[in-house]
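Report on the structure given below.
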Amino acid sequence: MAPVARFPGMPMILAMTHGRDLENGRIIETIRSLDVPWLHEVGLRDRFEPDGEENLIKTTLGMWYQAFDHTLTQDEVSEVHQRIASRVAELLPVKLL
């Protein structure tokens, strides 16, 4: 069991396109390996295979940011989230949406 947080968390999404050969688990594990401050959860929110585009997948990840010593501001979370997005685009063959 974990104590109830005194400060609210903030949800964010990260949307991208990629080839069929890139598994969702690899994307999530790459993000988790970055040791991001305040990121507590990351998981698959949506996966879409567009008709007529054989090798394209659209993936949306849901992410939860929360600090246990203060309320996060939108600016704090946006800055960290942008850094994650940039690193994912550098490390994996994805195109951010």
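The values are calculated or read from the model by the stated rules, or taken from the named source; none is laboratory data. This is a predicted model, so every value here is computed, not measured. Quick reminder, even Gly has a Cβ in these numbers, built from the backbone with ideal geometry, and neighbours come from all protein chains shown. Accessible surface areas use protein heavy atoms only, side chains included; no ligands, DNA or RNA. Shrake-Rupley method; radii C 1.70, N 1.55, O 1.52, S 1.80 Å.
Output the residue which, of all residues in segment 45-97 that are small (Gly, Ala, Ser) and assigned to a helix (DSSP H, G or I), is most open to solvent (accessible area, probe 1.4 Å). Show your work before the answer.
Let us first name the residues in segment 45-97 that are small (Gly, Ala, Ser), namely 52, 62, 67, 78, 85-86, 89.
Retained after the next criterion (residues that are assigned to a helix (DSSP H, G or I)): 78, 85-86, 89.
Numbers: Ser78: 40, Ala85: 8, Ser86: 58, Ala89: 42 Å².
The qualifying residue most open to solvent (accessible area, probe 1.4 Å) is Ser86.
Those residues that are over 15 Å from His81 (Cα atoms) and not β-branched (Val, Ile, Thr), I need them from segment 13-39; list them, please. Can you show your working first?
The first filter runs over segment 13-39 and keeps only residues over 15 Å from His81 (Cα atoms), leaving 17-26, 29.
Result: His18, Gly19, Arg20, Asp21, Leu22, Glu23, Asn24, Gly25, Arg26, Glu29.
Please specify each residue of segment 21-50 satisfying the condition of being of a type in the set (Lys, Arg) and without any contact (Cβ under 8 Å) to a residue 12 or more places away in the chain. Talk me through it step by step, then tell me what you get.
We begin by selecting, within segment 21-50, every residue of a type in the set (Lys, Arg); these are 26, 32, 45, 47.
Of everything in segment 21-50, just one residue is of a type in the set (Lys, Arg) and without any contact (Cβ under 8 Å) to a residue 12 or more places away in the chain, namely Arg32.
For segment 55-85, which residues satisfy the criterion of being small (Gly, Ala, Ser) and under 16 Å from Ile13 (Cβ atoms)? Can you show your working first?
Just the residues of segment 55-85 that are small (Gly, Ala, Ser), to begin with: 62, 67, 78, 85.
Listed by number, the residues that qualify are Gly62, Ser78, Ala85.
Out of all the residues in segment 1-20, which are in contact (Cβ under 8 Å) with a residue 12 or more places away in the chain, open to solvent by 30 Å² or more (accessible area, probe 1.4 Å) and outside any strand (DSSP E or B)?
Ala5, Arg6, Phe7, Pro8, Arg20
Output yes when any residue across segment 31-44 is open to solvent by 80 Å² or more (accessible area, probe 1.4 Å), part of a helix (DSSP H, G or I), touching a strand residue (DSSP E or B) at 6+ places or on another chain (Cβ under 8 Å) and farther than 20 Å from Ala5 by Cα, and no when none is.
Filtering segment 31-44 down to residues open to solvent by 80 Å² or more (accessible area, probe 1.4 Å) leaves 32-33, 35, 40-41, 44.
Still in the running and part of a helix (DSSP H, G or I): 32-33.
Right, trim to touching a strand residue (DSSP E or B) at 6+ places or on another chain (Cβ under 8 Å) and you get 32.
From what's left, farther than 20 Å from Ala5 by Cα: 32.
Checking segment 31-44: at least one residue is open to solvent by 80 Å² or more (accessible area, probe 1.4 Å), part of a helix (DSSP H, G or I), touching a strand residue (DSSP E or B) at 6+ places or on another chain (Cβ under 8 Å) and farther than 20 Å from Ala5 by Cα.
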